[in-house]
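J.: Handing you this structure, nothing more for now.
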Amino acid sequence: MFEQLEMAPADPILGLGAAFKSNGNPNKINLGVGVYKDSDGHTPILASVKTAEERVLASEKSKSYLDIEGSAEYGVAVRRLLLGDEHEILASERAVTVQSPGGTGALRIAGDFLARHYGDRSIWLSEPTWANHPKIFQAAGLRVETYPYFDAASNGLDEEALLAALGQIPAGHIVLLHGCCHNPTGVDPSPAAWQQIADIVAERRLLPLVDFAYQGLGDGLREDAAGLAALCRTGCELLIASSFSKNFGLYKERIGALTLVGGDRSAATKALSHLKIAVRTSYSNPPAHGSAIVSEILADEMLTARWQDEVAQMRARINGMRREMVEKLQAKRVKRDFSFIEEQRGMFSFSGLDAEQVETLREKYAIFIVSGGRINVAGLTNANLDYFCESVAAVL
Ligand SMILES: Cc1ncc(COP(=O)(O)O)c(C=O)c1O
């Protein structure tokens, strides 16, 4: 039976990793997959995570299953991180959380739940978006449509087109919004634009699904939640997919969460009962280790402060690399204005390099970037920045 199968294409992002590994060029750089590297080019285990992990291992008494929705303590910690400690949504108990294997798991559970109960509506994704988004929602059985987002001429947000398109989406449809650090462009709406987005969402009774995979890596943990806060102020119902792969550096532990905000406590409780069915029929109940680490950190003031400091350091390094890259490219006298890279936020930049230039960078210089021109700025270091800028200058 299996011999009849055609080979499936490699994943456009993770597939690059295999090509990178087998490349023999000593100068090779992998700017494909969204993984943070420190100034030595390593993906570190955060000190706050190490301490929490030691405590968790020392105190763990059983490997029995978690509940279908995961740890209750973790759910509380996630909601406070998203909304702040004092939010009305927390007081009125109209938000529920299911612990998930990574942000991807949260998106898929959201997709399964939405397809089952609201399958007559489409999910609308920004054009462009993370390459896995359409695949996850199509696999769940949802119809996928797109709205405009990026203006290639200015390398910024096409605010006019975005707002106009959101205003045309039929009532009751689902809109996926990147909470911050838009992947792949690095372009986020301004606070004023977020307010307009929130007003349209509420007015048209759209259902937002906020993909929040990079909280803290843009401008700050609270600052990055400004868009989410604007949506919540309207009182609309919404879903939030959190990932702690990047901001806690817990990539392979696979830890995330799906939080659902209902109109009231009863709506949220009913929705939770259905989210639990989606979980039970997918992976039954979540892995525990990552959530134990996150809960341990967020329940301890000193560990929380240390973690916040570590997130701030990652953020500062990424933004510093953006600055240095722009300066270095200027110094190499490239004709193109790359100053927009400094305005973008998070791990990724849409570099404006076209498919042929991306191909040449790979073939000739062993620099691996995603075919749309997305580069992982967090993969640049003082050791490889010069080679990268020189290669880009040569290719241009
Ligand atoms: C926009 C976006 N959403 C969700 C995820 C999922 O992250 P994970 O499943 O690794 O937690 C990613 C990871 O790259 C992402 O970029």
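The values are calculated or read from the model by the stated rules, or taken from the named source; none is laboratory data. These numbers were taken from a predicted model, which means no experiment stands behind them. Cβ atoms come from the backbone with ideal geometry, glycine included; neighbour counts cover every protein chain shown. Heads up: the accessible areas ignore ligands, DNA and RNA and are worked out on the full protein's heavy atoms, side chains in. Shrake-Rupley method; radii C 1.70, N 1.55, O 1.52, S 1.80 Å.
J.: If you line up the Cα atoms of the stretch 137-258 on their principal axes, what length do they span on each, largest first, in Å?
T.: Principal extents (largest minus smallest coordinate, Cα): 40, 35, 28 Å.
J.: Here is a further query. Would you list which aspartates and glutamates come within 19 Å of Lys270, measuring only between C-alpha atoms, while excluding same-chain residues fewer than 8 positions from it?
T.: Asp67, Glu69, Glu93, Asp112, Glu237
J.: Same structure, new question: Mind checking the stretch 2-83 for trypsin sites (Lys or Arg not before Pro) that DSSP puts in a loop (not H, G, I, E or B) and that have at most 12 other Cβ atoms within 10 Å?
T.: Of the trypsin sites (Lys or Arg not before Pro), the ones in loops of the stretch 2-83 whose Cβ has at most 12 other Cβ atoms within 10 Å are Lys61, Lys63.
J.: Right, next: What's the local net charge at Glu301, with K and R +1, D and E -1, over the other residues with C-beta under 14 Å away?
T.: -2
J.: Go through the stretch 172-180 residue by residue and turn each phi into a ³J(HN,Hα) via Karplus (6.51, -1.76, 1.60, θ = phi - 60°); whole Hz please, and just put x for glycine and proline.
T.: Values, residue by residue: x, 6, 9, 10, 7, 10, 7, x, 6 Hz.
J.: A further question follows. For the chain, what relative contact order do you get, as a whole percent, if you take Cα pairs closer than 8 Å and at least 6 residues apart?
T.: Taking the mean separation of contacting Cα pairs over the length of the chain, I get 26 percent.
J.: Counting only GluC sites (Glu not before Pro) that sit in a DSSP loop (anything but H, G, I, E, B) with at most 11 other Cβ atoms within 10 Å, what is the longest stretch of the chain containing none of them?
T.: By the stated rule (loop sites, at most 11 other Cβ atoms within 10 Å), 87-396.
J.: Still on this model: Going through the cross-link list Lys21/Lys328; Lys63/Lys252; Lys21/Lys335; Lys37/Lys332, which pairs have a Cα-Cα distance over 22 Å in this structure?
T.: Lys21/Lys328; Lys21/Lys335; Lys37/Lys332
J.: Based on the Kirkwood radius over alpha-carbon pairs, what value in µm²/s does the Stokes-Einstein equation return for the translational diffusion coefficient of the stretch 269-333 at 37 °C and 0.692 mPa s?
T.: The diffusion coefficient I find is 206 µm²/s.
J.: Another question, if that's okay. Where the only charges are on Cβ atoms (+1 Lys, Arg; -1 Asp, Glu), what is the dipole of the stretch 112-160 about its Cα centre, to the nearest 20 debye?
T.: Magnitude of the dipole: close to 420 debye.
J.: Suppose every K and R has +1 on its Cβ and every D and E has -1 on its Cβ; what is the size of the dipole of the chain about the Cα centre, in Debye to the nearest 20?
T.: Charge dipole of the chain: 620 debye, to the nearest 20.
J.: From zero up to wherever the largest Cα-Cα distance of the chain sits, split into 20 Å bins and tell me the percent of pairs in each.
T.: Going from the shortest bin to the longest, the percentages are 27, 58, 15, 0.
J.: Calculate what fraction, in whole %, of the accessible area of the stretch 77-153 sits on carbon and sulfur atoms when a 1.4 Å probe is rolled over the protein chains.
T.: That share works out to 46 percent.
J.: May I ask you to evaluate 6.51 cos²θ - 1.76 cosθ + 1.60, the Karplus curve with θ = phi - 60°, for each residue of the stretch 261-271 and list the ³J(HN,Hα) values in order in whole Hz, giving x for glycine and proline?
T.: Rounded to whole hertz, the list is 9, x, x, 8, 4, 5, 4, 5, 5, 5, 4.
J.: For Phe340, what charge total do you get from the other residues with a beta carbon under 11 Å from its beta carbon, if Lys and Arg give +1 and Asp and Glu give -1?
T.: -2
J.: Report Rg (one decimal) and Dmax (nearest whole number) for the stretch 248-396, counting Cα atoms only, units Å.
T.: 21.3, 61
J.: Only four residue types carry charge here, +1 at the Cβ of Lys and Arg and -1 at the Cβ of Asp and Glu. Report the dipole size of the stretch 13-154 about the Cα centre in Debye, rounded to the nearest 20.
T.: So the dipole magnitude of the stretch 13-154 works out to roughly 540 debye.
J.: Let me ask something else. Among Ala331, Leu361, Ile277, whose Cα projects farthest towards the positive end of the dipole of the stretch 260-396, with charges put on the beta-carbon of Lys, Arg (+1) and Asp, Glu (-1)?
T.: Working it through, the farthest residue towards the positive pole turns out to be Ile277.
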